[in-house]
1. Against the longest principal axis of the chain, how steep is helix 253-276, in degrees 0 to 90 to the nearest 10, with axes from Cα atoms?
2. In terms of the Cα gyration tensor, with a ≥ b ≥ c the square roots of its eigenvalues, is the chain rounded because a/c is under 1.5, prolate because a/b exceeds b/c, or oblate?
3. Report the trypsin sites (Lys or Arg not before Pro) located in the range 179-277 that are in a DSSP loop and have at most 15 other Cβ atoms inside 10 Å of their Cβ, or state none.
4. Using helices alone, what [θ] at 222 nm do you get for the chain, with -39,500 (n - 2.57) per DSSP H run of 4 or more residues, divided over all residues and rounded to the nearest 500?
5. Quickly work out the residue 222-to-residue 103 label distance, labels modelled 7 Å from Cα along the C-beta direction, and quote it in nm with one decimal.
6. For an R0 of 22 angstrom, estimate the FRET efficiency from the Cβ-Cβ distance between residue 39 and residue 259 and round to the nearest 0.05.
7. If I model a spin label at residue 150 and residue 57 as a point 7 Å from the Cα along the Cα→Cβ vector, what separation in nanometres do I get?
8. Using a 1.4 Å probe, what is the accessible area per residue for the range 159-209, in Å²?
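The values are calculated or read from the model by the stated rules, or taken from the named source; none is laboratory data. A quick note: this is a predicted structure, and the numbers were derived from the prediction, not measured. Cβ coordinates were reconstructed from backbone atoms using ideal geometry, including for glycine residues, and neighbour counts include every protein chain displayed. When the accessible area is computed, the model is the full protein with side chains, heavy atoms only, and any ligands, DNA or RNA have been set aside. Shrake-Rupley method; radii C 1.70, N 1.55, O 1.52, S 1.80 Å.
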Amino acid sequence: AGADAGGGSPSVPGGDAVEVAVRADAVILALGGGSWARLGSDGAWMPLLAARGVELAPLAPSNCGFDVAWSGHFSSRHAGEPLMTVAVIARDADGREMRRQGQFVVTQGGVEGSLIYALSAALRDQIAAEGHATIWLDLMPDWSEQRVLDEVSRPRGARSMSSHLQGRLGIKGVKAGLLRECLSRDQFADETQLAAGIKRLPVRLLRPRPIDEVISTAGGVRWDALQGSMLKALPGVFVAGEMVDWEAPTGGYLLTACFASGIAAARDALAWRAGRA
């Protein structure tokens, strides 16, 4: 609002960078978080604001995948395969169990997908605190524990356990591979332990994927550094979107929150300017 600009014109794609000096009554910054640096969201604004006394929280991965130490045998056979109709159990910061049902994908070195993203904040924080996190997979979320045990325990004659699981429970492909990967040979051979593993299979997560690969980031301008959406350290400068230390799940929530914060910042900027008129 009411800006005077000088010093040349903005840069254009493929052209030389041009520094532009602007004097404005109010400024709204919407510079993104730190993910997808190649598209411009690189967090380069962090040291600039920190140097001006703005309180910041370090950027951290959000809505992200995680690394798992899969064996070469498992990853070579199942990387890229989706896990359909599964549930994931994890623990929140207070140790309470969370359960989500959906789908995700096994990658060459870990896990990705919407079901993992929904739990990523709690898993990231657990890894930061404890050095690792464990999730438990329910490979048959629509079946009771007793029903799974009953089917696993049925006589199988000369059939292998793998054939038995496919015939009685429909477990094959990546689900069967996960049972072999995450259970010991003795556990797989024991019907009770195998049935328990089908309903609660532990998978150890080592670390979140690098920030430049994730969908969004947590961290940024701390709420305590704001008065409304204006920076306390820089009156007349307002922030919106992922620059602020909040995070939301995917599925449109991220975009909606960013758009809403933009509207809030615009209203705050107009009100601040009107109050100075």
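1. Tilt relative to the chain: about 20 degrees.
2. Numbers: a/c = 3.45, a/b = 2.75, b/c = 1.25.
Prolate shape, in that a/c is at least 1.5 and a/b is the bigger ratio.
3. Numbers: sites: 180, 185, 199, 200, 204, 222, 232, 267, 273, 276; in loops: 200, 222, 232.
Counting only loop positions with at most 15 other Cβ atoms within 10 Å, the trypsin sites (Lys or Arg not before Pro) in the range 179-277 are 200, 222, 232.
4. Working: 10 runs with 95 residues, N = 277.
Estimated from H runs of four or more residues: -10000 deg cm²/dmol.
5. Using points 7 Å along Cα→Cβ, the separation is 4.3 nm.
6. On the way: r = 18 Å, r/R0 = 0.82.
After rounding, the FRET efficiency stands at 0.75.
7. Here the answer is 4.8 nm between the modelled labels.
8. Numbers: 2560 Å² over 51 residues.
Heavy-atom SASA per residue in the range 159-209 reads 50 Å².
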